[in-house]
Amino acid sequence: MKFKTTKLENLCELITDGSHYSPPSENEGYYMASVKDMSDYNFKFDECRKISEVEYKKLVKSGCEPKKDDVIISKDGSPLSNIFIFNEKVPMVILSSIAIIRTDKKKILPDYLKYYLENKQVKNYIQSSYTSGSVIPRIVLKDFKKFPIEYPEISIQKKIIKILSDIDKKIMKNISINNNLEQLVESIFTNWFVKCEPFKDENFIEHSWTNFPESWELIRLKEIIHITSGKRPSAKEDLKKDEFIYPLYGASSIMGYVSEYSYNEPILLIGRVGTLGIVQRVVDKCHPSDNTLVIKSKYYEYLFQILKRINYDAYNTGSTQPLITQKAISNIEIPLPPSSELDKFEKISSTLYSEVYKNNREIQKLTKLRDTLLPKLMSGEIDVSEINFD
């Protein structure tokens, strides 16, 4: 297979970022996304701000509206951490923390460029050579336009895309199934313990969290949980390496890997310092950092739903940065349904989440396969010229 090399700008019709002006938010209106609203495959529309029609039209005129088949990349904060193809029909605009790349499809296909930029070697090189900013790293677009791209003819690009996108479709299918399963658990919880449908014939007691049936108890969380702080690891790596194979959890996500785990059982993690309000489920070997609070309970599934509904800002005692204590969490009052109903919910939810964990393991395997194939396909080490998909 033959590859050509040229500057990125020679393969594109447009390379730009979004608006450097941030209009005021509105309750209703048009979506406006920043880098925090990106995921691996799309925008998180439920987290996007909304702006007025007047402001939306201004930003559209300024070229801040993504079009179908645009390559969308995270430009600021964690450059290239999210890259996807925009295929939505939803009218929206973006802020300057996001970049739009519109390819010349006669030269390079959008999906090929997306996969090319997702190659870890390419990504690392761009992050080290085409970014600036010590506090908030960002891609410098005027330099990024000069980035050299290696690409084969369109017919070869299509074959490479076919191989990688088939894997991605399986990943996305599992993600979709997991979302549906999680929403089902959420729906059961709401029906049973928020709307209290199984208890509708009882008298209800008024409470700030919810009006609850008289057969329930009003308790403090410390009566059903064991809570402790995570620990700072002696050493860590940003990526899995040698014996550093166990995930190190921070207040909102995995922040690295360590050589020794401290838990190998179902736990729930919430932020202790810094980021508050994100609840993480962990069932495999791991090490929670000192930025977290580690919670265990025999009512794991019920507690997970409860923790997601707490307003953590109300318990923040930090001055320079958010801080929440074990004592504050332990003393939160909640209504507790009868154990018979809790046991039913635990059984149903744990069964559904076992499927989620199974799908997650498959996602990890598929992701590893894709990431192994990607650089070999992009370099020509794996020759696809003789493959026929018809």
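The values are calculated or read from the model by the stated rules, or taken from the named source; none is laboratory data. Computed from a predicted structure; not experimentally measured. So basically every Cβ, Gly included, is an ideal-geometry build from the backbone, and we count neighbours across all protein chains shown.
Values as computed for the structure displayed
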item: Residue under evaluation residue 98, criteria (1) crowded, with 18+ Cβ neighbours inside 10 Å; (2) within 23 Å of the chain's Cα centre (by Cα); (3) free of Cβ contacts under 8 Å to residues at least 40 places away in the same chain, criterion not met; result: (3)
item: Some residue of segment 146-153 being in a helix (DSSP H, G or I) and either among the charged types (D, E, K, R) or in contact with a strand residue (DSSP E or B) (Cβ under 9 Å, 6 or more places away or on another chain) (or both); result: no
item: Among the residues listed as 72, 126, the single one being within 23 Å of residue 367 (Cα to Cα) and in a strand (DSSP E or B); result: 72
item: Subset of segment 221-236 that is loosely packed, with under 12 Cβ neighbours inside 10 Å and more than 26 Å from the chain's Cα centre (by Cα) - its residue that is farthest from residue 328 (Cα to Cα); result: 234
item: Members of segment 98-108 found to be in contact with a strand residue (DSSP E or B) (Cβ under 7 Å, 6 or more places away or on another chain) and of a type outside the set (Asp, Glu), listed by number; result: 98, 99, 100, 101, 102, 103, 108
item: Residues satisfying the stated conditions in segment 248-298, i.e. more than 22 Å from residue 222 (Cα to Cα) and either among the aromatic types (Phe, Trp, Tyr) or in a strand (DSSP E or B) (or both); result: 248, 249, 254, 255, 256, 257, 258, 261, 286, 287
item: Condition check for residue 73: at pLDDT 95 or above and either among the hydroxyl-bearing types (Ser, Thr, Tyr) or within 30 Å of residue 384 (Cβ to Cβ) (or both); result: yes
item: Test: residue 28 is of a type in the set (D, E, K, R) and exposed (fewer than 13 other Cβ atoms within 10 Å of the Cβ); result: yes
item: Subset of segment 164-193 [surrounded by 14 or more Cβ atoms within 10 Å (Cβ to Cβ) and farther than 22 Å from residue 42 by Cβ]; result: 185, 188, 189, 192, 193
item: Filtered residue count, segment 83-95, keeping only those that are surrounded by fewer than 22 Cβ atoms within 10 Å (Cβ to Cβ) and within 26 Å of residue 133 (Cα to Cα); result: 2
item: Unique residue being among the basic types (Lys, Arg) and either within 30 Å of residue 387 (Cβ to Cβ) or exposed (fewer than 14 other Cβ atoms within 10 Å of the Cβ) (or both) when the list is 58, 68; result: 68
item: Evaluation of residue 316 against (1) of a type in the set (S, T, N, Q); (2) surrounded by 15 or more Cβ atoms within 10 Å (Cβ to Cβ); (3) under 21 Å from the mean Cα position of the chain (by Cα) (one fails), failing number; result: (3)
item: Options 171, 167, 163; residue that is farther than 30 Å from residue 7 by Cβ and in contact with a helix residue (DSSP H, G or I) (Cβ under 7 Å, 6 or more places away or on another chain); result: 171
item: Residue list for segment 16-40, filter: part of a strand (DSSP E or B) and more than 25 Å from the chain's Cα centre (by Cα); result: none
item: Conditions (1) crowded, with 16+ Cβ neighbours inside 10 Å; (2) more than 21 Å from residue 372 (Cα to Cα); (3) within 22 Å of the chain's Cα centre (by Cα); (4) not polar (S, T, N, Q): number failed by residue 136; result: (1)
item: Flag if residue 332 is without any contact (Cβ under 8 Å) to a residue 60 or more places away in the chain and farther than 30 Å from residue 3 by Cβ; result: no
item: Output for segment 206-262, where each listed residue is more than 28 Å from residue 311 (Cα to Cα) and touching a residue at least 40 places away in the same chain (Cβ under 8 Å); result: 233, 246
item: Candidates 276, 293, 269, filtered to the one that is under 27 Å from residue 354 (Cβ atoms) and in contact (Cβ under 8 Å) with a residue 40 or more places away in the chain; result: 293
